[in-house]
Amino acid sequence: MRLLVVEDNEELSELLRKGLEAEGFAVDQAETAEDASSALKDARYAAVILDLGLPDRDGASVLREMRGRKDGTPVLVLTARGGLHERVAGLQGGADDYLVKPFAFEELVARLRALLRRPGEMLGRVLQTANLALDTDGRQAFVDGRAELMSAQELTLLEVLLRRSGKVVPKSYIEDQLFGMTSEVGKSAVEVSIYRLRKRLETMGARVEIHTVRGLGYLLADAGAG
Ligand code: CA
């Protein structure tokens, strides 16, 4: 899943990028409200982490712009201003959640994962199809209850497919979620990732199939469900 981190404190921004990448997210960074606005127009993000105190203008204006153009991407606001008044004002401006600095990284990840459980997608902490389960908080896959070792990228791809199990996931969406804007992505990067995940699931003995829907994307389904 691809995230945008809007934070002008370089040290904190790098800390978030490294930590979130280790959790399997692809991360783009913006330092100003202007950078954030253009990134949001260029790409689709699973969620945005938004600092309110930015050098050019208030981060809240980025949020207002997004909601103004009906962009419903979940936004987790970071703020040093801890007062209740600021919190309420921010949530009315369309923020989905709040974290007051300083915060624990684990707390940020937990809030983020909660925001990523969106309507229309499979809800809950554990996603399951046939004998394959994925604990999205613990980042752990299971086959018949047996824990399986998977790479961060395999886990991300599996989560994207499992959240929409039985539905087609567009290839462009998968590409957005797997690779950040800064990565050099070859034309066949998604195909290669899907190929590897199919092999891995087969080795693990998962009774699911990833179907290629030509011109549209990919669909994960119970292999026994026809
Ligand atoms: Ca700041």
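The values are calculated or read from the model by the stated rules, or taken from the named source; none is laboratory data. Every value quoted in this text rests on a predicted model; they were computed, and no experiment measured them. Reconstructed Cβ throughout: ideal geometry from the backbone, glycine too, with neighbour counts over all protein chains shown. Accessible surface is based on the protein model in full, side chains and every heavy atom, while ligands, DNA and RNA are left aside. Shrake-Rupley method; radii C 1.70, N 1.55, O 1.52, S 1.80 Å.
Summary table below
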{"quantity": "Helical contribution to [θ] at 222 nm, DSSP H n ≥ 4, -39,500 (n - 2.57), averaged over the chain, rounded to 500", "calculated": "-12000 deg cm²/dmol"}
{"quantity": "Simple Cβ-charge dipole of region 126-222, Lys/Arg +1 and Asp/Glu -1, about Cα centre, in debye nearest 20", "calculated": "260"}
{"quantity": "Scaled radius of gyration (Cα, divided by 2.2 N^0.38 Å) that region 2-115 gives", "calculated": "0.95"}
{"quantity": "Carbon and sulfur %, accessible surface of the chain computed with the full protein complex present, 1.4 Å", "calculated": "51"}
{"quantity": "Built amide H within the under 5 Å cut-off of residue 207, gap 5+", "calculated": "131, 132"}
{"quantity": "Unit charges on C-beta of K, R, D, E only; dipole of the chain, Debye", "calculated": "1020"}
{"quantity": "For region 10-23, Karplus couplings with θ = phi - 60° (6.51, -1.76, 1.60), whole Hz, Gly/Pro x", "calculated": "4, 4, 5, 4, 5, 4, 5, 4, 4, x, 6, 5, 5, 7"}
{"quantity": "Per residue accessible area of the chain, 1.4 Å probe, in Å²", "calculated": "49"}
{"quantity": "Coordinate range along principal axes, alpha carbons of the chain, Å, largest first", "calculated": "53, 34, 30"}
{"quantity": "Amide H within-cut-off set for residue 77, under 5 Å, with H built and near neighbours excluded", "calculated": "50, 96, 97, 98, 99"}
{"quantity": "Per-residue ³J(HN,Hα) for region 144-159, Karplus 6.51 cos²θ - 1.76 cosθ + 1.60, θ = phi - 60°, Hz, x for Gly and Pro", "calculated": "6, x, 8, 5, 10, 8, 9, 6, 4, 5, 4, 5, 5, 4, 4, 5"}
{"quantity": "Under 5 Å, built H, 5+ apart or other chain: amide partners of residue 32", "calculated": "none"}
{"quantity": "Antiparallel %, DSSP beta bridges [both residues in the chain], to 5", "calculated": "55"}
{"quantity": "Links that overshoot a 32 Å alpha carbon limit, given the list 101/187; 18/171; 41/199; 101/171; 101/199; 101/167", "calculated": "101/187; 41/199; 101/171; 101/199; 101/167"}
{"quantity": "Additional length obtainable on full extension of the chain from residue 43 to residue 185, 0.36 nm per residue less Cα span", "calculated": "49.7 nm"}
{"quantity": "Cα-derived Rg to Rh of region 126-222, Kirkwood definition", "calculated": "0.94"}
